[in-house]
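Enquirer: Questions regarding the structure given below will be posed in turn.
The values are calculated or read from the model by the stated rules, or taken from the named source; none is laboratory data. Keep in mind the model is a prediction, meaning the values are calculated, not measured. Cβ atoms come from the backbone with ideal geometry, glycine included; neighbour counts cover every protein chain shown.
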């Protein structure tokens with residue numbers, strides 16, 4: 001990767017974050033936005049912070065369930081236990097909080113593959129599958145939310161498009177896994193216009209990448225992981241619902257499902273580290289049609305994000321300190337061609 005690329009992502013992310021914050025803060029004009037921030041601050045001061053105690057328990061269970069699922073997806077590479085992948089996962093989440101362009105995903109791939117001498121491309125393909133399965137779970141949860149809430153037509157159209165995209169991704173990855181040899185054969189016979197070195201690299205990644213998607217060969221295991229993903233994301237839905245309680249926001253549980261789906265879509269947007277701004281915009285956009293005033297929605301989003309950001313970042317830094325990895329080491333790898341070359345190994 002070029003040395004300037006991370007900085008370009010950071011600049012774009014900060015720009016997106018500022019736009020989202022402008023949309024999320026109530027009021028118009030500088031004076032109006034200032035008053036909106038003051039109103040949101042008053043709502044934050046009036047929140048019930050005793051709810052942070054159960055929220056930390058739910059957050060811990062959420063990350064443990066995520067590590068358990070990741071271990072399941074990596075089963076074809078190595079029979080991991082949850083505690084073995086948990087440190088790399090937390091380091092990755094910490095990376096998403098402090099690095100631009102979602103580099104935390106590459107960071108956890110880097111940490112796990114280096115710790116257990118795994119092919120980076122295989123680990124990375126498993127992370128891609130994890131994201132697709134997240135999309136499947138979110139599509140199902142959005143469908144449940146739509147049954148109980150009166151949503152604008154645009155929201156429903158977006159849900160249908162998202163669900164169709166997830167189905168296509170799963171179908172495409174399944175074909176890739178089941179027909180890897182035929183794909184490689186076609187690649188060798190038909191794709192001759194690429195430079196030989198690039199052609200060989202892509203051949204290796206096509207071959208090794210399918211190893212991280214092996215669960216797609218087993219419909220029973222795939223169904224179990226999707227079902228478990230519903231439980232996994234239901235934990236974060238409960239987290240959001242309790243945040244509602246902290247602000248005395250009287251909405252049904254389905255509203256928390258809607259916000260969850262919005263946040264999952266929102267975090268895909270390039271933004272500043274930690275998803276600040278994007279999450280604020282999602283809360284205000286999702287809760288506005290349900291009658292929640294913008295100041296309360298904005299305050300709830302800050303409460304929600306800060307209560308995750310601080311413990312997640314601290315936990316990731318602690319695990320990184322114990323593991324011996326350093327962010328500087330990862331950044332230097334990212335800025336050198338060796339990282340791109342090693343990704344194919």
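Enquirer: Looking at residue 82 and the list (1) over 29 Å from residue 14 (Cα atoms); (2) at pLDDT below 90; (3) surrounded by fewer than 22 Cβ atoms within 10 Å (Cβ to Cβ), which single condition is not satisfied?
Expert: The one condition residue 82 does not meet is (2).
Enquirer: Considering only region 4-15, I want to know if a residue exists there that is modelled with pLDDT of 95 or more, over 18 Å from the mean Cα position of the chain (by Cα), in a helix (DSSP H, G or I) and more than 21 Å from residue 232 (Cβ to Cβ).
Expert: There is no residue in region 4-15 that is modelled with pLDDT of 95 or more, over 18 Å from the mean Cα position of the chain (by Cα), in a helix (DSSP H, G or I) and more than 21 Å from residue 232 (Cβ to Cβ).
Condition check ((1) modelled with pLDDT of 90 or more; (2) in a loop (DSSP other than H, G, I, E, B); (3) closer than 24 Å to residue 168 by Cβ) across all residues:
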site	(1), (2), (3)
86	yes, no, no
93	yes, no, no
100	no, yes, no
108	yes, no, no
113	yes, no, no
125	no, no, yes
141	yes, no, yes
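Enquirer: Then there's this: Only one of (1) surrounded by 22 or more Cβ atoms within 10 Å (Cβ to Cβ); (2) modelled with pLDDT of 90 or more fails for residue 121. Which number is that?
Expert: In the conditions (1) surrounded by 22 or more Cβ atoms within 10 Å (Cβ to Cβ); (2) modelled with pLDDT of 90 or more, residue 121 misses (2) alone.
Enquirer: Can you pull out every residue in region 186-208 that is part of a helix (DSSP H, G or I) and more than 34 Å from the chain's Cα centre (by Cα)?
Expert: If the condition is that a residue be part of a helix (DSSP H, G or I) and more than 34 Å from the chain's Cα centre (by Cα), then 188, 189, 190, 196 are the ones that fit.
Enquirer: Out of all the residues in region 55-76, which are crowded, with 20+ Cβ neighbours inside 10 Å and assigned to a loop (DSSP other than H, G, I, E, B)?
Expert: 74
Enquirer: Which condition from (1) under 24 Å from residue 150 (Cα atoms); (2) touching a residue at least 12 places away in the same chain (Cβ under 8 Å); (3) surrounded by fewer than 21 Cβ atoms within 10 Å (Cβ to Cβ) is the one that residue 322 breaks?
Expert: Every listed condition holds for residue 322 apart from (1).
Enquirer: Also, quick follow-up: Does residue 221 meet the test of being touching a residue at least 40 places away in the same chain (Cβ under 8 Å), out of contact with any helix residue (DSSP H, G or I) (no Cβ under 6 Å at 6 or more places or on another chain), assigned to a helix (DSSP H, G or I) and surrounded by fewer than 21 Cβ atoms within 10 Å (Cβ to Cβ)?
Expert: no
Here is a yes/no grid of residues against (1) assigned to a helix (DSSP H, G or I); (2) within 22 Å of residue 112 (Cα to Cα); (3) at pLDDT below 90:
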position	(1), (2), (3)
233	yes, no, no
262	yes, no, no
269	no, no, yes
280	yes, no, no
301	yes, no, no
307	yes, no, no
311	yes, yes, no
319	yes, yes, no
332	yes, yes, yes
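Enquirer: Can you find even one residue in region 283-291 that is surrounded by fewer than 20 Cβ atoms within 10 Å (Cβ to Cβ) and in a loop (DSSP other than H, G, I, E, B)?
Expert: So far as region 283-291 goes, yes, one or more of its residues are surrounded by fewer than 20 Cβ atoms within 10 Å (Cβ to Cβ) and in a loop (DSSP other than H, G, I, E, B).
Enquirer: Would you confirm whether any residue within region 57-74 is without any contact (Cβ under 8 Å) to a residue 12 or more places away in the chain and closer than 30 Å to residue 293 by Cα?
Expert: yes
Enquirer: May I ask you to verify whether residue 52 is surrounded by 20 or more Cβ atoms within 10 Å (Cβ to Cβ) and not in a loop (DSSP other than H, G, I, E, B)?
Expert: no
Enquirer: Please work out which residue is farthest from residue 214 (Cα to Cα), limiting yourself to region 179-194 and to residues that are in contact (Cβ under 8 Å) with a residue 12 or more places away in the chain and surrounded by 13 or more Cβ atoms within 10 Å (Cβ to Cβ).
Expert: 187
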